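Single-structure report; data block below.
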Amino acid sequence: MKISRPRLAWMAAAILMNAVAPAAHASLFSGDTLDAVANGAAWVVLFIAPLAGIGIFLIIHILPEKIAEKKQHPQLDAIKTLCLLSLVFGGMLWPLAWLWAYSKPVLHKIAYGTDKVPHGTGDDALHPLADAKVEDASKGS
């Protein structure tokens, strides 16, 4: 088998380059530093990234109710309920809540004369312990 002269020159150049080339390293670090960096990366991947992902998911998931509250939507409670149901159904109802929050409540305007309802100061949540203390105090009197 006869090898052509240009091909022989390329093969010789490749062999020479391989002989002169420095050793390749898979990492920038070595030894204990490599172990420390790998441990840090493992902590980030196993704990910090999932917690951050869950937090971002929940923040995005409550956007429709925040939008409805800002726009003083009359069906804010129903939109909040749809956001909670969307968590149960794997997020499939979330686009509906998003659209509902941006929709203009025409039937509410026809029935009540306005399409906005001012909502509370944000402290509309139930407070079972405080409510129980008030009921106990009123029963004791």
Margin query: Between helix 128-140 and the chain, what is the angle of the helix's C-alpha long axis to the longest principal axis, kept within 0 to 90° and rounded to the nearest 10?
Written below: 20 degrees
Check: Dividing the convex hull volume of the Cα atoms of the chain by its residue count, what figure in Å³ per residue is obtained?
Finding: 332 Å³
Next item on the list: Under a cut-off of 19 Å between alpha-carbon atoms, report the lysines in cross-link reach of LYS116, not counting same-chain residues fewer than 8 places apart.
Entry: LYS66, LYS70, LYS71, LYS80, LYS104
Next item on the list: Could you tell me how many degrees, from 0 to 90 and to the nearest 10, lie between the Cα long axis of helix 76-88 and the main elongation axis, the longest principal axis, of the Cα atoms of the chain?
Entry: 40 degrees
Checklist line | the stretch 2-71 - Rg and Dmax from Cα coordinates, angstrom | finding: 27.2, 83
Check: Residue-wise, which Karplus ³J(HN,Hα) couplings in Hz belong to the stretch 58-70, taking 6.51 cos²θ - 1.76 cosθ + 1.60, θ = phi - 60°, and x for glycine or proline?
Finding: 5, 5, 5, 5, 9, 4, x, 6, 5, 5, 5, 5, 5
Notebook entry, point to check: Under the Karplus relation 6.51 cos²θ - 1.76 cosθ + 1.60, θ = phi - 60°, what is the ordered set of whole-Hz ³J(HN,Hα) values for the stretch 18-23, x standing for Gly and Pro?
Noted result: 5, 6, 8, 4, x, 5
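Every read-out reported here was derived from the displayed coordinates using simple, explicitly stated rules and does not represent laboratory data. These numbers come from a predicted model, not from an experiment.
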